[in-house]
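All remarks here apply to the structure that follows.
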Amino acid sequence: MKRISNIKVKVDGSSEDILNLACKKAGLKPSKIKYFKIVKKSLDARDKSNIFYSVSVELDDKPYTLPKKEYKKVSSKGRILVVGAGPAGLFCALELLRYGLSVTLIERGKKVEERVKSVDDFIKNKVLDENSNIQFGEGGAGAFSDGKLNTQIGGGLSKEVILDFVKFGAPKEIEYLNKPHIGSDNLKAVVKNIREEIIRLGGEVLFSTRLTDFCVKNGKITSVTYNGQTEVFDDVVLAVGHSARDVYSLIESKNIFIEPKDFAVGFRIEHLTADINLAQYGEKYAKLPYMPTADYKLTSSYNNRGVFTFCMCPGGYVMPSSSERDTVVVNGMSNYARNAVNSNSAVIVQAKTSDFYKGALGGVEFQRTLEKNAFILGGGDYSAPVQLIKDFIKGESTLGFEKVIPSYEIGVKKSNLVGLLPKDIENALRYGIIDMGKRLKGFDDNGGVLTAVETRTSSPVRITRGEDLASVSVSNLYPCGEGCGYAGGITSAGADGKRVALKIVEKYL
């Protein structure tokens, strides 16, 4: 098998074009090829007069079959509780079941089909279900996002997550695209398919089921209470996501070691999709129908604080993401086609533990205060306060919109966001937006809009674990995924779920 790299392909090139170019480079005839696979494909837009895809492939004139992972069945079955059905919990449960362990998966929110109805009810009628919303429910917060799968964490487990996503219905191209995404519309079907596989393998899945208590004796969890019933499990995986504030409080009350950590806060910044395409691709390519909707990733710093864009949603929407009453939280979402009028991203600033109130849960209170203040500034009815980018920079109130009409469907109120964030963070954000505008034309204006407030970028706590991946305080409690401080997105959370599962499996082999 040969691997051919750095194949330059026109942006409208087909798989057949890639095959022909690869064969030419390898000195092989396309008609003789028995195995062909694209392994990497990335858009090179550095020269706006000549944008192309850089592609790497594997090919051979002999058939080739990819090896399948072996799952050695455990000799004695342990009973495992997995708390939370986001990517960490889903992939942890799936991996445990593949090895033959007994798994119960509980999720405070609803199954993904019913969760969509809860979100729609909030948007249309401003009725918030605090247990089933954009933060809580099957699929986790990532189910209402862009479904980006790029990660800074390499290795086989991340690759396994990608392959599993394809197996359960995600587009096959996510295996090789440099910046893969599934889209929120596709994610919901994929999540449902993973759940059905968990059940087929013998797992128990319980929705609208919230962890309320557990008993710890001699450094071990001896029983767990949910929905008014108490059960005994050998091990407990905590994969609750970054917004499970009641669980953090429960952990602290049991004297389990939990510590605050840095995260980031700011706003959603929204521009016309056409303007971002033009800034990234130039006149020659911006309007071509086969060009992918342009994205960006920008960084800056101010007074030793990182300022950066996060969770960029090309051709997407700003979403109402509250999980507590009388708060406003925003996030971004885009469907697979990424064809909405606006593109948005979080534009956020590092919030340091020194900014918080005292205690392990200081970051939670810091978030909650910002969210409650945004609720008040938005008029007290879940409308979000918004401001033109240029008005925020000047410190002036926004009286009307220009090019960009905010996509936040539940309602917006033209406001002045100055003073909503702590002064150091606000100054850093203002400087960062101007600085980023020097590298992405129009980023700091172009009639763009800021929507407040983005606070759920990552968990404000870490439940500390040891080399065996169990809590340093409780030997059979396994903190897992983004909510416990060990991941930063869908792929890394799924990979951490698998990693924790493999550690648990070692105990039973």
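The values are calculated or read from the model by the stated rules, or taken from the named source; none is laboratory data. Please read these numbers as outputs of a predicted model, since none were measured by experiment. Cβ: placed from backbone, ideal geometry, glycine included. Neighbour counts: every protein chain shown.
Assorted remarks:
- In this structure, Leu163 does not qualify as in contact with a Phe, Trp or Tyr (Cβ under 8 Å, 6 or more places away or on another chain) and surrounded by fewer than 24 Cβ atoms within 10 Å (Cβ to Cβ).
- Residue match in the stretch 231-251 (condition: outside the structural domain of Ala88 (by TED's automatic domain parsing) and of a type in the set (S, T, N, Q)): no
- Residue ID - surrounded by the most Cβ atoms within 10 Å (Cβ to Cβ), chosen from residues in the stretch 227-241 that are in contact (Cβ under 8 Å) with a residue 60 or more places away in the chain and farther than 20 Å from Glu324 by Cα: Val237
- Scanning the stretch 85-110 for residues that are outside any helix (DSSP H, G or I), under 25 Å from Phe144 (Cβ atoms) and out of contact with any Lys or Arg (no Cβ under 7 Å at 6 or more places or on another chain) gives Ala85, Gly86, Leu105, Ile106, Glu107, Lys110.
- Unique residue being within 26 Å of Ser243 (Cβ to Cβ), touching a helix residue (DSSP H, G or I) at 6+ places or on another chain (Cβ under 6 Å), modelled with pLDDT of 95 or more and surrounded by fewer than 20 Cβ atoms within 10 Å (Cβ to Cβ) when the list is Phe91, Phe168: Phe168
- Selection count, the stretch 213-226, where residues are buried (at least 16 other Cβ atoms within 10 Å of the Cβ) and touching a Ser or Thr at 6+ places or on another chain (Cβ under 8 Å): 4
- Residue match in the stretch 175-188 (condition: in contact with a Pro (Cβ under 6 Å, 6 or more places away or on another chain) and either touching a residue at least 40 places away in the same chain (Cβ under 8 Å) or assigned to a helix (DSSP H, G or I) (or both)): no
- Filtered residues of the stretch 371-408 (kept if over 18 Å from Gly437 (Cβ atoms), in a helix (DSSP H, G or I) and touching an Asp or Glu at 6+ places or on another chain (Cβ under 9 Å)): Glu371, Lys372, Phe375, Ile376
- Cβ-Cβ distances below 8 Å connect the following pairs, each with a first residue in the stretch 211-223 that is in contact (Cβ under 8 Å) with a residue 40 or more places away in the chain and over 14 Å from Asp235 (Cβ atoms), a second residue that is surrounded by 16 or more Cβ atoms within 10 Å (Cβ to Cβ) and not aliphatic (A, V, I, L, M), and a separation of six or more residues or different chains: Leu211/Arg108; Leu211/Tyr226.
- Residue list for the stretch 339-352, filter: touching a helix residue (DSSP H, G or I) at 6+ places or on another chain (Cβ under 7 Å) and either hydroxyl-bearing (Ser, Thr, Tyr) or over 24 Å from Glu252 (Cβ atoms) (or both): Ala340, Val341, Asn342, Ser343, Val347, Val349
- First in the stretch 111-133 and within 22 Å of Ile198 (Cβ to Cβ) and assigned by TED's automatic domain parsing to the domain that holds Ala244, second anywhere and assigned to a helix (DSSP H, G or I) and among the hydroxyl-bearing types (Ser, Thr, Tyr), Cβ under 8 Å, 6 or more apart: Ser132/Ser118
- Restricting the stretch 189-205 to residues that are without any contact (Cβ under 8 Å) to a residue 40 or more places away in the chain and either among the hydroxyl-bearing types (Ser, Thr, Tyr) or touching a Phe, Trp or Tyr at 6+ places or on another chain (Cβ under 6 Å) (or both) leaves a set whose member that is nearest to Leu96 (Cα to Cα) is Asn193.
- Criterion: on the phi < 0 side of the Ramachandran plot, of a type in the set (Phe, Trp, Tyr) and in contact (Cβ under 8 Å) with a residue 60 or more places away in the chain - qualifying residue of Phe401, Phe443: Phe443
- Any hit, the stretch 481-503, residues being closer than 17 Å to Leu94 by Cβ and surrounded by fewer than 19 Cβ atoms within 10 Å (Cβ to Cβ): yes
- Members of the stretch 452-495 found to be charged (D, E, K, R) and either in contact (Cβ under 8 Å) with a residue 40 or more places away in the chain or not in a loop (DSSP other than H, G, I, E, B) (or both), listed by number: Glu454, Arg456, Arg462, Arg465, Glu482
- Residues that are in a loop (DSSP other than H, G, I, E, B) and under 25 Å from the mean Cα position of the chain (by Cα) within the stretch 409-419 comprise Glu409, Ile410, Gly411, listed in sequence order.
- Filter pass, Lys72 being more than 30 Å from Glu283 (Cβ to Cβ), assigned to a helix (DSSP H, G or I) and at pLDDT below 95: no
- Residue in the stretch 20-28 that is out of contact with any strand residue (DSSP E or B) (no Cβ under 7 Å at 6 or more places or on another chain), outside the structural domain of Arg210 (by TED's automatic domain parsing), within 30 Å of Ile194 (Cβ to Cβ) and outside any helix (DSSP H, G or I) present: no
- Condition check for Asp424: acidic (Asp, Glu), touching a residue at least 24 places away in the same chain (Cβ under 8 Å), out of contact with any Phe, Trp or Tyr (no Cβ under 6 Å at 6 or more places or on another chain) and not in a loop (DSSP other than H, G, I, E, B): yes
- All positions within the stretch 322-360 that are among the polar types (S, T, N, Q), closer than 20 Å to Ser243 by Cα and touching a Leu at 6+ places or on another chain (Cβ under 7 Å): Ser322
- Qualifying residue in the stretch 194-207 (condition: under 17 Å from the mean Cα position of the chain (by Cα) and either part of a helix (DSSP H, G or I) or surrounded by 19 or more Cβ atoms within 10 Å (Cβ to Cβ) (or both)): no
- Some residue of the stretch 431-451 being among the basic types (Lys, Arg), assigned to a loop (DSSP other than H, G, I, E, B) and modelled with pLDDT under 95: no
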